[in-house]
Structures are given as structure tokens and as C-alpha cells.
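Asker: Sharing a structure here in C-alpha cells format.
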Amino acid sequence: MITLDTIRKRFGALDVLQDVSLAVRTGAVTALVGPNGSGKTTLIKIVLGLTRADHGTLHVDGQPADDAGAYRRAIGYMPQAAHFPANLRVGDVLDLVTQLRPGEAVDDELARAYDMDGIRDKFVGTLSGGTRQKVNAVVAFMFRPSLLILDEPTAGLDPLSANVLKEKIRAVRREGRSVLITSHIMTELETLADDVAFLCDGRLRFAGPVAELLSHTGGRSLEDAIAGLMRSDRAGRRAAVGTAEPVPVLPWLSPEPTGVA
Amino acid sequence: MNVVSLVLQAGLRDLSRNRWIVAYTLSFLGIAEGLFWFGGTGPQVLLSLLNLVLLVLPLVALVFGTIHVYASREFVELLLAQPVPRRELFAGLYLGLALPLAGAFLVGAGIPFIVHARDGATLGGVAALLGAGVGLSLAFAAVATWIALFTDDRLKGVGLALGAWLASAVIYDGLVLGAAAAFGNYPLERPLLGLMLANPVDVARVLVLTQLDVSALMGYTGALFERTFGTALGTGIAAAALVTWCVIPLGLAGRRFLRRDF
Amino acid sequence: MRRALVAAFALGAAQPAFAADLTVGAGGRFATISAALEAARPGDRVLVRAGTYREPTLVIRTAGVTLEGQGWPVLDGQGVREVLVIAADDVTVRGIVATNTGISNLEDRAGIRAREVRNCLIEHNRLRKNLWGIYLQRSADCTVRDNDIEAEGVRQTESGNGIHLWYSPGARVENNRVRGHRDGIYFEFSSHGLTRGNMSERSQRYGLHFMFSDSCAYLENTFRDNNSGVAVMYSRGVVIARNRFERSWGSAAYGLLLKDINGGEITDNVFERNSTGIFIEGSSRLQVRGNQFTQNGWAAKVLADADENSFSGNRFSGNAFDVTTNSRSSNTTFDGNWWDEYAGYDLDRDGVGDTAFHPVRLFALVVEQHPAALLLLRSPLVSILDAAERVLPVLTPEALVDRRPLMRPPR
């Protein structure tokens, strides 16, 4: 679905992404995890074309990513927090996105589940954070793109709405579409994700099926496994102080593309 | 419908309900109407409004514009993630800011002159003032957009906007006045005219002067002035310079928008 | 009654009781105007039918003759000579088109010249493409009215004046229209004249220019788009009232330039859109009252050598600068004028502002010294400087102040 090949990105003196090569499987839910500042958001923005990589190539659904942005027809995006213009009505926002993507098949399941008709005439500025997040989710799921990119999708949602959303993610997967999702809630990812990609300090430390990660680390849960990875990464970094080259602390990870296409 | 007009419409819809824009419109309306109400003649009201256009309008366009672009950041990212070209998105976003600003001024300052059409303001004078205000709105909306795209540090951005305002509305003229006094013995008309064209606030002022004060401008000994201001040429040059002042920062902002990472 | 009859007979003797009409042109007795003028006797009318007449310079030598065109006959100087000369008293010329004197550097060719005569009447004529239009030379008590005078000269050196008076006292110049001459109307050494209701525009120099002409009145004229405006110099006792001075643009252009005038009234005129509305130099005892100064660059420039002049009841509005002068001391008084820039109050409601108004702005002095700074006119910075100076005057003339500014414009 997504193929990233040796993606590099620097912001000033900071290497945000270093030679990230990753393949996201079609029809699977891939969890993108890593500590804060590990480069998850940058990676997502590169996939969306919001940020340009300094080096490397990107294909989405077989199409090369370019500035014209037509490849983004394949993508539905739900950012971490939605800040729609305060003086637009909910209906204005939904109509705008609909008209920006003319001719795409509409999926109004989530809109109905979240009762968008009931709040169409409300100004965005008057909505609660949770309701804004529902609108945000509806915008992402309005069409039937082959890839959904969800950045902390359940943040701010009440448990019921979060469940609705998770069900929707499962439904999308059943339809053979792909999902790239980030979250801090590992238990949530565990019930959703097929694959996991772990980023740390701009490097991809692991990419593969969740089961494989669990077996490698011996962890009982995704949370344990990721925590273990983060711990050993930190230890490795400490060990690296004073040496010219960072010490490889995860010998089972090959530096080659670890894709599971 | 194309992307530019869709995004522009959203911007218009949003800002036309924005309380600052509404207050801005109403204050122009109130001040202009008040000036007429307290016995001002058309030309007097024009001159009083000229001060507002040269001082307040750039301040509002710069500061409000910069803050607005920052506030729209997440929404812009959401739009950027849609299958639309950046260029069109930028055009829509800029117009969605610049047109409400210009429109607010046009409505606030324009309506009183329509109501008081018989109070002696010449059509040329009113047109020059409204044109100057619209031009400055568009130009400083572009500068504000550029500033907000230039730095992600919002405090720094607003500081830059304020600095740009102070420099173009007041400090620049002070330097020019100093230069005119210091180099009074040299032929100054050509360099001074050049300096006027290099600052949008001065361009707007000169544009209005060519309509309201041509009799004074013609009193200056200098063939260049006479050629420039004695005919429609002066108005034309000033108007063209104001358009240039919209285009250049817009081009810079656009380039930045196309190239930058969000 | 008898005495009246005798008087009538006496008059009849001087001018024949039965004046003849001598007709020139199609169907007339004379083929040329010259022949008819030769034959004319005092009191006769020479009627000229429509047509173009190319004859040597016509000279009217018989007193009391009337030369009258019917259907606008054209008297053509063919570019080489003066067209018509009045050389006898009490002559009337009307209804002719005098044209095409041509340009000469040696002689002052005029369309119609009155030469050392009295009491001539020149009315309802058209003068086109002449070096000089109507020229009164040492001729007293003549009337020039309702003539339409137009020149096409492009340079001052190739053009004379529209209506030119030289040593011609007691003239009445009324309701003429003059366009494109060097000076529209010119008086020199011609006192006690009355100039009323004329329109003088697009002159290459002055719309009205007079020198050494005492006790003249200029009323209800319009001077517009003249290159240098109107100049009044070296005269005494002039009355300039109810005229319009408009659109004189340039560094040496004045709505009204007053130089070395001793005693005069300038009342109820309109000065609109001139670079300088009124310029007063070396003049004394002028009363400037009830005028309107609107949208001029400088409404009034009063040099320090002007003495005992007073401005009152005038209305200043929309001028870039209301008043300037070249010195901190000034003997000109401003009292009870209306200034649109006055921002004072009137607590005792007597129609007069309670605080004084200083009409000279700091920026006016800056521009006086650094003319190029003019480009900063109406800059917010300049407004700030002016406001500061008004609060704390250190540079502007203290004497030049209106202590009784009006709250409402005078009617």
C-alpha cells in the first residue's frame, strides 16, 4: 500500500528520519509507534505530502507521490486535533471536503453513527472537543479511500464514540482497505493492529507483524514489547556515549527494508 | 467548482462572521458616518479617513492577517492532505483572507460616501481613497501571510508584523524626511519619488495625493513632478506600484507555501 | 422745451440726421470694405455681408462710423498684416471675424486696434488666430464687450495678449471670453478701468495681468487654467471682488499674485485648486475678506515684507497648507476666519472658538526649506509632527495667529 524507500529528513541540525524504509501491507492495520519526538508525525506528513523528504522515494497504492497530489485520492486523513475555522458550520466543513474531492464514492456510515445531521447547523467554534473530534473522524472516513491515516484517532472521544470508531476501523480492514494508525494507547492498538512499525530517534527499529514482535521480545502484550524496545534503545544510547558509532542493540533487526508486503 | 473558489468561499464565510472583521467594518462605518454627521464636507472626511487608511488599516491587515494564518494552520494541513494542488490551495487561502479584509474596509468606508454623495467629495478622490485602502489590504494581507509562513514561532511572527507596520507607516517617512533635510542641496526629486514607490503606505498616500492635492504637488519646482503629477500618469504609476506591492509579497508567500514543510 | 429742440438740432449738425447704410459684399454697393470706409461719412453704418475679405489693413478714419458684420464676415490678414485699425473717435465695430494676422517679431499686429481715439465700442466680434486680439493704444473711455477671442499660439514669444490696454484710461472690459493668448487681459498705465464678467482661460502666462493701473475694479470674472494665474502689480486702490480663480498649477503659478499693491479690497472671491491661491509680496493695506480658499496647495502665501494686510471672514478648506510665510515675524493679521483644520471648542456659544488657531503648520516651514519633502504631504508622521508643534510652538510664527476663529463657515 505504502512503500517508503530510504527516506531521510533533517530539520536544521536534527535528523528526524534516517533512511527509513518501510512497506505497509494492503488490507492490514499497521500501528506506527515510538516515543514522543521519534518522527512518527513527520513520517505521516511525508506520506501525505505535507512535508517533503530530503532523500528517498514514496509510493502510495503504486503511484509515486508528487506535488500535484492526485495520489492523495487514495488517502483519508484524520489529524491529531482538528481546528476547523470557528465561524464555519459543521455542514460547511463537510460540504467543503466533499466538493474538494468530486466524484469520489461517499461513505456516510460514520456520519450517521455520529449524527452529523443533528449538528450540521452548529458553528464549529461552539462544539465541544469531543464533538469536534467526531467531525474530524467523519471527514477522514467520508469516502472510500484505499488508505486511512489516523493520528491518535480516539483522543478526546468518549468511550462509546471511540468504540464506534474502532468498529469502523475493523470494518475498513474487512473491506480490504489499509489503515496506518498512531496511538499512545497500546492496548487499543493491540486489538486493532496486524503489523507494527517502531520508530525511535528517526530510525525504524522494528517493522513486522505484531505476533513477530511479541515472539522476538518475549513480551506478553504489545505494551510490554514496546516498553522493552524503548528501554533497550535507551540503554544502547547510554552505552554509545564516547564511542564513534552507535552500538547496535537490536541485532535481530536487519537494516534492510523490513517490509511485509 | 474549482479548488480556489471553494477555499475562498470557506474563507469568506468564516471571516464575514468573524467578530474582529465585523468590528473593523463597523468602526470604519461609524467613523466615516460620524465625520459626516459632525458637519464634515466630503473632502474633509476623505482626508480624515486617509489617516486611518495609512495607519490603522496596515496595522489590522498585518496583525490580524498573521494571527489568522497561524490560527488556520491545522485546517490548512487538513486541506493539504486532500487531493488538491498546493498552488490552488494557496490562492484560495490568500484570497480568503485578503478579500474579507478589503471588503470590510470597502463597505465600512464606502457606504458613507454613497449616502453622502452630494457632500462635495470628487469621484476621483473617493475612488483613490477606496482603491488605496483595498490595495493596502491586499498588499499587507500578502505580507502577513508571508510572515506567518516564514516563521513558525507565533510570538516572533506577530512581532515581525508589528515591526513591519511601524517601519512602513511611521519610521520610513521619518528617514525620508531626514534624508530630504540632510541632502537638501542635491536634486532629490528622482530618488525621493523612488523611495516613495518602495513603501506601500507611501504609494497609497501618493495615489490619493494625485487626486486630492495635485495643486500642491504641482507647486514643487521640478519638471519630473510636473510631468508625473500633472497628468493621469502619476495616478497610473502609483496604482501600478500598489499592484506590484501586492504581487511581490504574494509571490514570496506563495513560493514559501509551495516549498515549505508543514 | 425749445431749448431741447435747439439742442437736438445742434446734435444733428454734428452727426447728419439721416445716416446712410453702406453695404459691402453680395448684392451690396461696395465690393471692398476699404472702398465703403472711404465713402463713409460721420454717423454712417458700413454693413458687411458674409464672406471672406482679403484687403490691406482696414483703417476707420471717420468719426462716428459703425462697422457691422452681418452673418459673420471674415476679415483675413492673410498672415502678414494687422486686420482693422480704429483711428477716429466714437467708432463702433461689431459682428466681424478678424483673423490671421500672422506672427511678427517686429510689429505688434492686432486683430482690432484702437489707436489714440476716444469712446470706441468694440462688441460681439470674434477674433481668431491673431498675434494680438483687441489692442487699445492710448485710447480713452472705450468699451470692449461680448467678444470671443481665441489664439492658437504655442509659445509665449509667438503670442500677444487677448485684450491689451496701454495708456487707455476709463475702459470697460465686460463679458469677453479669451482663450490661449499670452495674457488674457492686460492693463498697463490704464487707470479707472472696469473689468467685469469676463472668462479668461488657458493663457500661456496670466489670465489677467495689470501693472501701473490705479483705481481699477475687477469683478465677477473667471480665470481658469491659466499657466501662471493672475498678476496684479505696482498699482494703488484696486477692487477685486466676486471673481473665480481656478486651477493655476505650477511653482510660479498663482490664483492671484499681488506685488507692490498699495491699498485694495479683495472680497468674496473663490480660489480653488491653485498651487498658490493668493500670493502677497511687498503690498500694504490690503483687506482680504469673505473669500473662499478651497483645495489649493497653499491657500495664502504672505511674505514678511507685506504690511498691514488683514484677512477676515474668509473660509479655508481642503488646502494642503492654509498659510505660509518666509519669516517668524509677520505684520499681517488674521481675525475671524473659518479654518477647516480648527479643532477648538466654543463653550460660550458665541460662534467664535475659545482657543486661537495657528494656521502656519510646521510642515509648511519644512517644505519651505526642503521643497522635496513635499512628497510626504499627509503622511501620518507629518501629522504627528504638526500636532506636536501646535501643542508646543517653537518654530512657527507666533504672531501669525487667528485669535477668533469662526466655528461655522461664513456664508
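Asker: Would you mind pulling out the separation of the Cα centroids of the range B:23-80 and the range A:38-58, in Å?
Answerer: For the range B:23-80 versus the range A:38-58, the Cα centre distance is 40 Å.
Asker: Could you tally the net charge around C:ASP340, taking each other residue with its Cβ under 10 Å from the Cβ of C:ASP340, Lys/Arg +1 and Asp/Glu -1?
Answerer: -1
Asker: Using alpha carbon centroids, what distance separates the range C:272-344 and the range C:230-256, in Å?
Answerer: If we compute the Cα centre of each part, the gap is 13 Å.
Asker: May I pose another question? With a 1.4 Å probe and all protein chains in place, put C:ILE33, B:ILE67 in order of accessible area, largest first.
Answerer: B:ILE67, C:ILE33
Asker: Check each residue of the range C:354-372 and keep those whose accessible area, probe 1.4 Å, is at least 40 Å² smaller with all protein chains in place than in the chain alone; give them in order of residue number.
Answerer: C:HIS370, C:ALA372
Asker: Taking the alpha-carbon centroid of each part, what is the distance from the range A:169-186 to the range B:222-262 in angstrom?
Answerer: 52 Å
Asker: Let me ask another. May I ask you to rank A:ASP115, A:ASP92 by accessible area, largest first, using a 1.4 Å probe over the protein chains only?
Answerer: A:ASP115, A:ASP92
Asker: Okay, moving on. For the Cα atoms of chain C, what angle does the longest principal axis make with the long axis of helix C:380-391, in degrees from 0 to 90, nearest 10?
Answerer: Around 70 degrees separate the two axes.
Asker: With a 1.4 Å probe and every protein chain kept in, tell me what percent of the accessible surface of the range C:56-391 is carbon plus sulfur.
Answerer: Roughly 44 percent of what the probe reaches on the range C:56-391 is carbon or sulfur.
Asker: Go through the range C:137-232 and name the GluC sites (Glu not before Pro) that are in a DSSP coil and have 14 or fewer other Cβ atoms within 10 Å of their Cβ.
Answerer: Loop-located and lightly packed - C:GLU152.
Asker: Let me ask you something else. Can you list residues whose amide H is under 5 Å from C:TYR53's amide H, if they're 5+ apart or on another chain and H is modeled 1.01 Å from N?
Answerer: C:VAL74, C:LEU75, C:ASP76
Asker: May I ask you to derive the relative contact order of chain C, considering only C-alpha pairs under 8 Å and at least 6 residues apart, and to give it as an integer percent?
Answerer: 6 percent
Asker: Tell me, what is the Rg over Rh of chain C, with Rh the Kirkwood radius over Cα pairs?
Answerer: 1.11
Asker: Could I ask something else about it? Report the equivalent ellipsoid semi-axes for the range C:58-164 in whole Å, largest first, defined as the square roots of five times the eigenvalues of the gyration tensor built from alpha carbon atoms.
Answerer: For the range C:58-164, the semi-axes come out at 21, 15, 12 Å.
Asker: Let me check against my output: what whole-number percent is the relative contact order of chain A, with C-alpha pairs under 8 Å and at least 6 apart?
Answerer: Computed value for chain A: 26 percent relative contact order.
Asker: Return the loop-located trypsin sites (Lys or Arg not before Pro) in the range C:79-167 (DSSP other than H, G, I, E, B) with at most 12 other Cβ atoms within 10 Å of their own Cβ; answer none if there are none.
Answerer: Answer in residue order: C:ARG155.
Asker: Something else now. Of the cross-linked pairs A:LYS9/A:LYS168; C:LYS129/C:LYS259; C:LYS129/C:LYS301; A:LYS45/A:LYS166, which ones have a Cα-Cα span greater than 26 Å in the structure shown?
Answerer: A:LYS9/A:LYS168; C:LYS129/C:LYS259; C:LYS129/C:LYS301
Asker: Can you list which of the chymotrypsin sites (Phe, Trp or Tyr not before Pro) found in the range B:7-56 are DSSP loop residues with at most 15 other C-beta atoms within 10 Å?
Answerer: Sites meeting the loop and neighbour criteria: B:PHE38.
Asker: Taking only Cα atoms and a 10 Å spring cutoff, compute GNM fluctuations for chain C and point out the largest among C:ALA217, C:ALA343, C:ALA300.
Answerer: For chain C, modelled as a Gaussian network with Cα springs under 10 Å, the answer is C:ALA343.
Asker: Please give the total accessible area that chains B and C bury against each other, computed with a 1.4 Å probe and expressed in Å² to the nearest 100.
Answerer: That pair of chains buries around 2800 Å² in total.
Asker: Could you give the length gained on full extension between A:GLU175 and A:SER221, defined as 0.36 nm per residue of separation minus the Cα-Cα distance, in nm?
Answerer: 13.9 nm
Asker: Can you give me the long-range amide H partners of A:TYR77? Hydrogens built in the peptide plane at 1.01 Å from N, cutoff under 5 Å, separation of 5 or more residues or another chain.
Answerer: Excluding prolines and chain starts, which carry no amide H, the hits are A:ILE149.
Asker: Let me ask you something else. Taking the Cα atoms of the range C:259-402, what is the range of coordinates along each of the three principal axes, in descending order and whole Å?
Answerer: Cα spread of the range C:259-402 along its principal axes, largest to smallest: 42, 41, 28 Å.
Asker: How tilted is helix A:159-174 with respect to the longest principal axis of chain A? Cα atoms for both, answer in degrees (0 to 90, nearest 10).
Answerer: 70 degrees
Asker: Further question: Using a Gaussian network model of chain A with C-alpha springs under 10 Å, which one of A:ALA23, A:ALA162, A:ALA235 is most mobile by mean-square fluctuation?
Answerer: Highest fluctuation of the listed residues: A:ALA235.
Asker: Also, quick follow-up: Quick one: angle between helix B:42-71 and the longest Cα principal axis of chain B, in degrees between 0 and 90, rounded to 10, please.
Answerer: Here the helix axis deviates by roughly 20 degrees.
Asker: Give a residue-ordered list of calculated ³J(HN,Hα) values for the range A:82-95 (Karplus: 6.51 cos²θ - 1.76 cosθ + 1.60, θ = phi - 60°; whole Hz; x for Gly, Pro).
Answerer: Residue by residue, the range A:82-95 yields 9, 10, 7, x, 4, 9, 8, 7, 3, x, 4, 5, 4, 5 Hz.
Asker: Near C:ARG361, within a Cβ-to-Cβ distance under 10 Å, what is the net charge of the other residues, with Lys and Arg +1 and Asp and Glu -1?
Answerer: -3
Asker: Leaving out ligands, DNA and RNA, calculate the buried accessible area for the pair B and A with a 1.4 Å probe, summed over both sides, in Å² to the nearest 100.
Answerer: Roughly 2600 Å².
Asker: Once amide H atoms are placed 1.01 Å from N in the peptide plane, what residues at a sequence separation of 5 or more from C:PHE321, or on another chain, have their amide H within under 5 Å of its amide H?
Answerer: The list, which skips near neighbours in sequence, is C:TRP298, C:ALA299.
Asker: Further question: Just to confirm a number: summing +1 for Lys and Arg and -1 for Asp and Glu over residues other than C:LYS301 whose beta-carbon lies under 14 angstrom from that of C:LYS301, what do you get?
Answerer: -2
Asker: Based on the Cα gyration tensor of the range B:3-259, what are the three equivalent ellipsoid semi-axes, each the root of five times an eigenvalue, rounded to whole Å and given largest first?
Answerer: With the √(5λ) rule applied to the range B:3-259, the semi-axes are 33, 23, 16 Å.
Asker: I would also like to ask the following. Report the Cα-based extents of the range B:6-65 along its three principal axes, largest first, to the nearest Å.
Answerer: Largest first, the range B:6-65 extends 43, 20, 17 Å along its Cα principal axes.
Asker: If the protein assembly as shown were replaced by its equivalent ellipsoid, with semi-axes equal to the square roots of 5 times the Cα gyration tensor eigenvalues, what would those be, largest first, whole Å?
Answerer: Gyration-tensor ellipsoid for the protein assembly as shown: 88, 29, 24 Å.
Asker: Which three lengths, in whole Å and largest first, does chain A cover when its Cα atoms are put on their principal axes?
Answerer: The Cα atoms of chain A stretch 61, 40, 33 Å along the principal axes, largest first.
The values are calculated or read from the model by the stated rules, or taken from the named source; none is laboratory data. If you're wondering where the values come from, they're calculated on a predicted model, not measured in any experiment. Cβ coordinates were reconstructed from backbone atoms using ideal geometry, including for glycine residues, and neighbour counts include every protein chain displayed. Surface accessibility is based on the protein's heavy atoms, side chains included, excluding ligands, DNA and RNA. Shrake-Rupley method; radii C 1.70, N 1.55, O 1.52, S 1.80 Å.
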